[in-house]
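Shown next, in structure tokens, is the structure this report addresses.
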């Protein structure tokens, strides 16, 4: 099972949504807000009880809406835009991705995923240190993964790939 492709389907990431998500505002607001907001929402159960789950739902809705609310960028020259395009290459044209990128990207995805353990345990036990550790591991791994996706995008372009290759049926 490919977690990236499952996630793409769950999020309903069609071509237009991917192009809108390449807007740096979408990328950076998605990096900076969901995990801390989710942590605060879940910790809110101690003070506001079950009402905290409403805040959790709001965060989850934001995660889904985020790639849709920003306009497609005028150019795709920014690091963050290229990271999104590289992720699209990763999901759609993995056969064209160099082996050294594949091994690093997979290791980064696993490393980032390991941050879920301290994050979840920290949330369960109201431990801010473990929760923050989880956020740092998840977010740090994801940012490093995005950086690798930039490399993948640039390699894809050097091989003659283009934006059109990402928005046409495969």
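The values are calculated or read from the model by the stated rules, or taken from the named source; none is laboratory data. Note that the coordinates shown come from a computational prediction; the quantities given were computed from them, not determined experimentally. Neighbour counts are summed over all protein chains in view; Cβ atoms, including those assigned to glycine, are modelled from backbone coordinates with ideal geometry.
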When you check residue 148 against the structure, is it modelled with pLDDT of 95 or more, more than 16 Å from residue 32 (Cα to Cα) and within 16 Å of the chain's Cα centre (by Cα), yes or no?
yes
Restricting to the range 77-97, count the residues that are part of a loop (DSSP other than H, G, I, E, B) and over 23 Å from residue 140 (Cα atoms).
1
Matching residues in the range 53-81 - criterion: being under 13 Å from the mean Cα position of the chain (by Cα) and buried (at least 18 other Cβ atoms within 10 Å of the Cβ):
66, 67, 80, 81
